[in-house]
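Notes for the one structure printed next.
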Amino acid sequence: MRIGVDLGGSKIEIIALGDDGGVLLRERVATPQGDYPATVKAVAGLVAAAEARVGAGSLCVPGIPLRGQVTVASVGVGIPGAESLATGLIKNANSTCLIGQPLRRDLQQLLKREVRIANDANCFALSEAVDGAGAGAPVVFGVILGTGVGGGIVIDGKVLTGANAIAGEWGHNPMPGEHHKETCYCGRKGCVELYLSGPGLAADHRRVTSADFRATDIAARAASGDPACEATLQRYEARLARALAQVINILDPDVIVLGGGVSNMDRLYENVPRLWSEHVFSDRVATKLLRHRHGDSSGVRGAAWLWP
């Protein structure tokens, strides 16, 4: 049995997968806000409880009664950040209580086994590459278009971490072709995330029209014929095409899979490939742009698949 944990800023989700990839258990709890020790204990408690419920438990965690003496499950954890290859401490996490903490070491001490940790966008990409929209493709680039913008690279079924543990982090590259250079939370100016996240889409519409709509409202209004919202989506699609063209020029993936709330706009999958052709250094573009198959389950499924 494989256990995957998606450790987010507002919720912790756990999934248990059987050998065939079938879901044996899935549940979520609220993340202890700003409390690192409580967060670590919450993750360990969820793992122990899951093993007890599925019948694979041989681990003793205080407060969690377990039964049976069957093989302990493998555990993978997806986080909104990365583990430093130099120090083993968490970096670049928007869940700030994780920053500077030895998360993997602490979880391994509680769970008494090896734990694998990866960026949540890498987990999304892995899930979609293993048995999702990109299944069977040699090179998959997974994209998160949500509250933030992230990316992950999977090659022949394995996550590419990179020498600095930042492979796929295209969201904090400069958006090509833009003159607005607002400052991102990361401290850099003009990041892709400022334009292609859900809040970035809403901010662009507000900047041009002074109307304050959410990304979902803009999409709905554009579909109903609102010309201002339609113009906003056309700007968004052009930016997404330019940004992804840079990825294609460098990585040349077989498949790009979109996830996150903004990815649910059907029009992206027709318009963006049509627009990116003029920016890709090739006479034809064979890369496919696909919608996620597992939706918001991809991150936690990918964490489970960190174990082959």
Check your understanding: What is the number of the single condition among (1) in contact (Cβ under 8 Å) with a residue 40 or more places away in the chain; (2) crowded, with 22+ Cβ neighbours inside 10 Å; (3) aliphatic (A, V, I, L, M) that Val272 does not meet?
Key -> (1)
Exercise for review: Identify all residues within the range 282-308 that are within 23 Å of Ser74 (Cβ to Cβ) and in a loop (DSSP other than H, G, I, E, B); write none if there are none.
Suggested key: Arg293, His294, Trp305, Leu306, Trp307, Pro308
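Sort out which residues of the range 232-269 are aromatic (Phe, Trp, Tyr) and either touching a residue at least 60 places away in the same chain (Cβ under 8 Å) or outside the structural domain of Gly151 (by TED's automatic domain parsing) (or both), and write them in order of number.
So the first thing to find is which residues in the range 232-269 are aromatic (Phe, Trp, Tyr), and the list is 236, 269.
None - no residue of the range 232-269 is aromatic (Phe, Trp, Tyr) and either touching a residue at least 60 places away in the same chain (Cβ under 8 Å) or outside the structural domain of Gly151 (by TED's automatic domain parsing) (or both), so the list stays empty.
To keep it simple, each residue is scored yes or no on (1) surrounded by 21 or more Cβ atoms within 10 Å (Cβ to Cβ); (2) more than 28 Å from Asp131 (Cβ to Cβ); (3) in contact with a Leu (Cβ under 9 Å, 6 or more places away or on another chain).
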site: Gln234; (1), (2), (3): no, yes, no
site: Leu251; (1), (2), (3): no, no, no
site: Arg267; (1), (2), (3): no, no, yes
site: Ser277; (1), (2), (3): no, yes, no
Review point. Can you tell me which residue in the range 151-199 is surrounded by the fewest Cβ atoms within 10 Å (Cβ to Cβ), limited to those that are in a loop (DSSP other than H, G, I, E, B) and of a type in the set (Val, Ile, Thr)?
Key: Ile166
**Study point:** Contacts under 7 angstrom Cβ, first residue in the range 99-116 being farther than 14 Å from Trp307 by Cβ, partner part of a helix (DSSP H, G or I) and hydroxyl-bearing (Ser, Thr, Tyr), 6 or more apart
**Key:** Gln101/Tyr36
**Study point:** Check on Val208, surrounded by 15 or more Cβ atoms within 10 Å (Cβ to Cβ) and either assigned to a helix (DSSP H, G or I) or among the polar types (S, T, N, Q) (or both)
**Key:** no
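For the range 228-274: of the residues being of a type in the set (A, V, I, L, M) and in a strand (DSSP E or B), which is farthest from the chain's Cα centre (by Cα)? Break it down stepwise before answering.
Just the residues of the range 228-274 that are of a type in the set (A, V, I, L, M), to begin with: 228, 231, 233, 238, 240-241, 243-245, 247-248, 250-251, 255-258, 262, 265, 268, 272.
Narrowing the set further to residues that are in a strand (DSSP E or B) leaves 255-258.
Working: Val255: 16, Ile256: 13, Val257: 11, Leu258: 10 Å.
Taking the candidates together, the pick is Val255.
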Check your understanding: What are the residue pairs meeting all of these: first residue in the range 34-47, first residue under 17 Å from Gly78 (Cα atoms) and surrounded by fewer than 21 Cβ atoms within 10 Å (Cβ to Cβ), second residue modelled with pLDDT of 95 or more and polar (S, T, N, Q), Cβ atoms under 8 Å, and 6 or more apart or on different chains?
Key -> Tyr36/Gln101
Practice item. Consider Ser282 carefully, then state whether it is of a type in the set (Ser, Thr, Tyr) and at pLDDT 95 or above. Key: yes
**Study point:** Residue match in the range 107-115 (condition: surrounded by 18 or more Cβ atoms within 10 Å (Cβ to Cβ), under 26 Å from His294 (Cα atoms), in contact with a helix residue (DSSP H, G or I) (Cβ under 8 Å, 6 or more places away or on another chain) and in the same structural domain as Val75 (by TED's automatic domain parsing))
**Key:** yes
Review point. If we scan the range 204-213, do we find a residue that is free of Cβ contacts under 8 Å to residues at least 24 places away in the same chain, of a type outside the set (Ser, Thr, Tyr) and in contact with a Gly (Cβ under 8 Å, 6 or more places away or on another chain)?
Key: no
Review point. What do you reckon, is Arg239 more than 28 Å from Gly21 (Cα to Cα) and surrounded by 20 or more Cβ atoms within 10 Å (Cβ to Cβ)?
Key: yes
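Would you kindly identify the strands (runs of 3 or more DSSP E) lying entirely within the range 1-94 that contain at least 1 residues that are among the hydroxyl-bearing types (Ser, Thr, Tyr) and modelled with pLDDT of 90 or more? Working first, answer last.
Details: elements: 2-7, 11-17, 23-30, 74-79.
Correct list: 74-79.
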Check your understanding: Which condition number in (1) touching a Phe, Trp or Tyr at 6+ places or on another chain (Cβ under 6 Å); (2) free of Cβ contacts under 8 Å to residues at least 60 places away in the same chain; (3) not acidic (Asp, Glu) is the one that Ser298 fails?
Key -> (2)
Study note, to complete from the structure: Residues of the range 119-150 being surrounded by fewer than 24 Cβ atoms within 10 Å (Cβ to Cβ) and part of a strand (DSSP E or B), in sequence order, are Val139
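The values are calculated or read from the model by the stated rules, or taken from the named source; none is laboratory data. Just so you know, these numbers come straight off a predicted model, no measurement behind them. In this analysis, Cβ positions are derived from the backbone assuming ideal geometry, glycine residues included, and neighbour counts consider all displayed protein chains.
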